[in-house]
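Here is the structure we will look at.
The values are calculated or read from the model by the stated rules, or taken from the named source; none is laboratory data. Here the structure is a predicted model, which means the values were calculated and not measured. Here the Cβ positions follow ideal geometry from the backbone for every residue, glycine too, while neighbour counts run over all protein chains shown.
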């Protein structure tokens with residue numbers, strides 16, 4: 001019986017001291033998967049670069065672009081697919097507020113000679129050139145007034161899927 005009590009006390013003592021008797025604490029940074037750490041110094045940056053990719057499945061990798069009013073914005077478009085511009089071309093077109101996307105896209109389909117930008121760009125804030133698979137292009141412009149704008153790919157038939165919001169705060 002004494003041996004059993006001794007064994008029980010010994011076991012409990014070993015368990016107690018091995019589970020936290022040494023007060024070593026480590027702090028781990030909590031990171032949510034799928035997010036990236038942002039620096040507060042970029043919140044007031046005068047310039048921002050936004051990378052957008054488009055692929056052969058008619059998909060942009062971003063649905064929302066957030067910038068500050070008056071900020072110098074550079075949109076870098078990379079076509080990650082393999083198809084040529086005349087088959088599966090992509091561009092990024094930031095439209096003025098109130099522009100009807102279906103109407104704009106219908107007019108754009110007839111504007112092949114101007115990279116599918118109709119009416120001399122009267123409904124456009126900024127746009128990249130049309131590119132094909134493996135190509136990259138960019139455009140730099142000043143962000144407009146605060147508000148919500150649309151961005152699309154104006155290649156015929158793409159704007160229904162390849163679109164997002166350009167939000168100026």
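A few remarks follow.
- Some residue of the range 150-157 being outside any strand (DSSP E or B), over 25 Å from residue 49 (Cβ atoms) and modelled with pLDDT of 95 or more: yes
- Answer from 134, 120, 98 - the residue that is at pLDDT 95 or above, surrounded by fewer than 15 Cβ atoms within 10 Å (Cβ to Cβ), at positive phi and not in a loop (DSSP other than H, G, I, E, B): 120
- Any hit, the range 35-45, residues being at pLDDT 50 or above, over 23 Å from residue 104 (Cβ atoms) and exposed (fewer than 11 other Cβ atoms within 10 Å of the Cβ): yes
- Subset of the range 90-101 [farther than 9 Å from residue 154 by Cα and in contact (Cβ under 8 Å) with a residue 12 or more places away in the chain]: 94, 95, 96, 97, 99, 101
- Subset of the range 101-117 [crowded, with 17+ Cβ neighbours inside 10 Å and in a loop (DSSP other than H, G, I, E, B)]: 115, 116, 117
- Single unsatisfied condition, residue 70 versus (1) under 29 Å from residue 132 (Cα atoms); (2) part of a loop (DSSP other than H, G, I, E, B); (3) modelled with pLDDT of 95 or more: (1)
- Restricting the range 137-157 to residues that are surrounded by 18 or more Cβ atoms within 10 Å (Cβ to Cβ) and in contact with a helix residue (DSSP H, G or I) (Cβ under 8 Å, 6 or more places away or on another chain) leaves a set whose member that is nearest to residue 76 (Cα to Cα) is 152.
- Residue 139, sole failed condition from (1) more than 18 Å from the chain's Cα centre (by Cα); (2) not in a loop (DSSP other than H, G, I, E, B): (1)
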